[in-house]
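Below you'll find the structure, written out as structure tokens, and then a few comments.
The values are calculated or read from the model by the stated rules, or taken from the named source; none is laboratory data. Given the structure is predicted, the values throughout are model-derived calculations rather than measurements. FYI the Cβ positions are ideal-geometry reconstructions off the backbone, even for glycines, and counts take in every protein chain you see. For the accessible areas, the whole protein counts, side chains as well, though only heavy atoms, and no ligand, DNA or RNA atoms are used. Shrake-Rupley method; radii C 1.70, N 1.55, O 1.52, S 1.80 Å.
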Amino acid sequence: MSSIDKFNFFWQNIRRVLTQERFALAPIWVQLIAIFIVSATLIIGLSPFLGSLANSYKIFADPAYYADAKGPIELTVGLIQVMVGMILFSFIISVLSAALVNLIENIKSGSLPYRKRGHILFVNYNIKLPLILDQFNIRAKDKGIIEDVVLLFAEAKTVGFFRSKYNKDRWENLEIFIRQGEVMSFHSFERLSIFHAKALVILLPDNKENEFIADNFNLKILTTLTNNQAFFNHLNEKQASRKPIKCSIELSNHSDARKIALELTSNKSGSLFTVITPGDVIGSILARSKVDIVYYKVFFEVLAFDGSTIHFVDPKQFGSKQNFVGMSFEQLLFSFSGGTLMGFSRSNNEGYFQINLCPFKVEFSSNDWFLFLTPNVREIKYVPQDYNPQEISTNSSIISPNEEASKKICVIGSAWTLENIDDFIDLNSLISLHESQKVFSNPAEYFSNSFLQYLHEGNFDNIIINLEDELGFRLTMLLISANKDNPIFLSKIMTILGDPVTERLLSNNVLKSNTVLSHKLSARYIAQLSFQKNLDRLFQELAFTEGSEFNLLEVDKHIPSGLLTDVKSVRKLLAAHEMVYLGTVDEEKNVNLEATDFKGTKQILVLSFGKYKSKVSI
């Protein structure tokens, strides 16, 4: 291309920019450059008529210098200079104002990209999102940091809804960036720096017609992500380096949807995404909670960032790892303060993760990490103890528990499924449960005197209110108000809810009724997985009957009260029966993890194998 052709091409592009339509649609920097070029041309072009280039610029920039013009030529040209200068400066102000208005509109609509790294990306909205952010804020506040959280919504109305509910004071340690985009396009994720995110959570949207459509929506998002080979390889590389991106996707109870998600994200070391459904870990926890509310309270605290939580701890924190190699679990169990050792974890050469809970008679290996239950991981101290196996001997008066309790349970309503409750009660209790479950087509029957009398005379161990939130709230309040002087009866009542507001009203009642909020428990579970991906495998073992789980020893049934002297002795007694002491439960079903005082204790919380001792490969 000749020089003349290059000039013509350049001139054509300049002329295109200077058209009204091109100028209006051009980026702000192009608009400003065009204005500056016209201004410079005017200043330089008119300078011979105004005495000098300096005078030309002064009159253009400041009309007050027009008063210094002399002679008819300077007065005439100077007047043109003043008028054109004012017009061009007005253009600059208009362009900058429009750009500012556009920027504010983009911020409000969520159209801006996100350029930083180390953030947590959420896709979609449901009722659990604010509860998850509550947990994030607690963690960030405890660590003294500001956590970046990016929210990606498919619809503009969801952006507006969240902004209307957003309270910065509620999440003061979170920097929340709200974005809107096409979630079926990988470009939307690239704009939010997905390759630099430390966690990705795809929530099940609550604005779809039904669960099937909501599942399909999430599976399409997952397909969009896994179809991008660069991103899929990025997840594989991070997992192979043992620094996995904490990815999770929430689905309904449709088993086919879960199977598809696992197949889409599987590799040789496991799954790149944790698939969360109501019927897996959370469903099993809720099923066991119907047998004893204590299990809900235990998991509710363990899953929170402001209580005793489970941590994977590198042995290097306490010195050389070789100091622990060859030591038995029993010896290590008594050698730490500030937390309770629950077991070991490790990853093999292919990155496959393994957990070994309650590994009595197992020695620590060079590839192992510690698993601790502790309120503050920084306060765990290694205090070597002289270990004598002869000091740990079994006591015939201690009876090991199993998962199958014998309880007479009355279930009112069918709003929530019973999940795998049959894993946690014996056959007679299961038959009794089905016989006593009451589901009325007319809601008024739940409030009839005959039904209320039935609840009192049925001699039930647990009364589970399993109704829709509004109906469950009303029945719970009726039973509370009618039985204020009967705390034993009130302690049997447990209400399952889905609305956090209703749950807060009932749990903050003077009588503090027992409430189970599945969404809140699920939110805490998702929050934990966003920072420790391998916790999903740990909770799979804890929530189901195979392997180790939380169990309760009834005082004077499984363990004599006379043996509850001091915590050191109790730890050794339970360890002799391959149980790890975790805490106590009082008469009001309050859980005290790592308690050292046994006054008023009705149950002992332990980690142990139950009836099903065969350990699954995790």
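Hey, rough spin-label estimate for VAL38 and ASN207, points 7 angstrom out along Cα→Cβ, what's it come to in nanometres?
In this crude spin-label approximation the distance works out to 4.1 nm.
Looking only at segment 357-377, which residues have a backbone nitrogen under 12 Å from a spot 7 Å from the Cα of MET327 in the C-beta direction?
Counting backbone N atoms under 12 Å from the label point, the list is 364-365, 370.
Assuming R0 = 22 Å, what is the FRET efficiency of LYS589 and SER414, from their Cβ-Cβ distance, to the nearest 0.05?
It comes out at approximately 0.30.
Which order do you get for TRP416, TRP369, TRP29 if you rank them by accessible area with a 1.4 Å probe, largest at the top?
Of TRP416, TRP369, TRP29, the descending order of accessible area is TRP29, TRP369, TRP416.
Tell me, what is the 1.4 Å probe accessible area of TYR57, in Å² to the nearest 10?
Near enough 130 Å² of accessible area.
Out of residues 5 or more away from VAL411 or on other chains, whose amide H comes under 5 Å of its own, with H placed 1.01 Å from N in the peptide plane?
Here GLN437, LYS438, ILE464 satisfy the definition.
Run down the lysines and flag those whose C-alpha is under 18 Å from the C-alpha of LYS220, throwing out any fewer than 8 positions away in its chain.
LYS208, LYS259
Accessible area, 1.4 Å probe, largest first: how do HIS196, HIS311 sort?
From most exposed to least exposed: HIS196, HIS311.
What net charge do the residues around ILE421 carry, taking every other residue with its C-beta under 14 Å from that of ILE421, with Lys and Arg at +1 and Asp and Glu at -1?
-4
Find how many whole Å separate the alpha carbon centroid of segment 247-274 from the alpha carbon centroid of segment 374-403.
37 Å
Under the 0.36 nm per residue contour assumption, what length would be gained going from the current alpha-carbon distance of LYS361 and LEU427 to full extension? Write down the numbers at each step before the final one.
Working: separation 66, 0.36 × 66 = 23.76 nm, distance 3.37 nm.
Once the chain is fully extended between LYS361 and LEU427, it gains 20.4 nm.
Between SER561 and GLU155, 0.36 nm times their residue separation minus their Cα-Cα distance comes to what?
Gain on stretching SER561 to GLU155: 140.2 nm.
Calculated from the structure, percent of Cα pairs over 42 Å apart equals which of (i) 41; (ii) 28; (iii) 54?
(i)
Projected onto the charge dipole of the chain (+1 at Lys/Arg Cβ, -1 at Asp/Glu Cβ, origin at the Cα centre), which of SER111, ASN126, ILE260 gives the Cα projection farthest towards the positive end?
The residue sitting farthest along the positive end of the dipole is SER111.
Which order do you get for LYS361, LYS116, LYS484 if you rank them by accessible area with a 1.4 Å probe, largest at the top? Could the numbers behind the result be given before it?
Working: LYS361 155, LYS116 100, LYS484 135 Å².
From most exposed to least exposed: LYS361, LYS484, LYS116.
What distance in nm separates the two pseudo spin-label positions at SER393 and GLU175, each 7 Å out from Cα along the beta-carbon direction?
Spacing of the two 7 Å Cα→Cβ label points: 6.3 nm.
Run the quick spin-label model on LEU75 and LYS165: label points 7 Å from Cα toward the beta carbon, then report their separation in nm to one decimal.
Going by the 7 Å Cα→Cβ label model, 7.1 nm.
Can you give the accessible area of LEU564, probe radius 1.4 Å, in Å² rounded to 10?
Near enough 30 Å² of accessible area.
First check a/c for segment 161-253, with a ≥ b ≥ c the square roots of the eigenvalues of its C-alpha gyration tensor; if it is under 1.5, answer rounded, and if not, answer prolate when a/b is larger than b/c or oblate otherwise.
oblate
Apply the a/c threshold of 1.5 to the C-alpha gyration tensor of segment 111-180 and tell me whether it is rounded, prolate or oblate.
It is oblate, given that a/c is not under 1.5 and a/b is not larger than b/c.
For segment 424-501, which chymotrypsin sites (Phe, Trp or Tyr not before Pro) pass both filters: DSSP loop (anything but H, G, I, E, B) and at most 16 other C-beta atoms within 10 Å?
PHE440
Got a sec? Charge dipole of the chain, +1 on Cβ for Lys and Arg, -1 for Asp and Glu; which of ILE399, PHE89, PRO27 is way out at the positive end?
Of the options given, the answer is PHE89.
Could you do me a favour and compute the accessible area per residue for the chain, 1.4 Å probe, result in Å²?
With all protein chains present, the chain gives 48 Å² per residue.
Under 25 Å Cα to Cα from LYS141, which lysines show up? Leave out anything in the same chain fewer than 8 places away.
Correct list for LYS141: LYS116, LYS128, LYS165, LYS168, LYS198, LYS243, LYS246, LYS297, LYS381, LYS520, LYS533.
So how much slack lies between VAL501 and ASP469, counting 0.36 nm per residue of separation and subtracting their Cα-Cα distance, in nm?
Net length gain for the segment: 10.5 nm.
Through the Karplus equation 6.51 cos²θ - 1.76 cosθ + 1.60, θ set to phi - 60°, convert the phi angles of segment 361-370 into ³J(HN,Hα) values in whole Hz; use x for Gly and Pro.
Each residue of segment 361-370 in turn: 6, 10, 8, 5, 10, 5, 8, 7, 10, 8 Hz.
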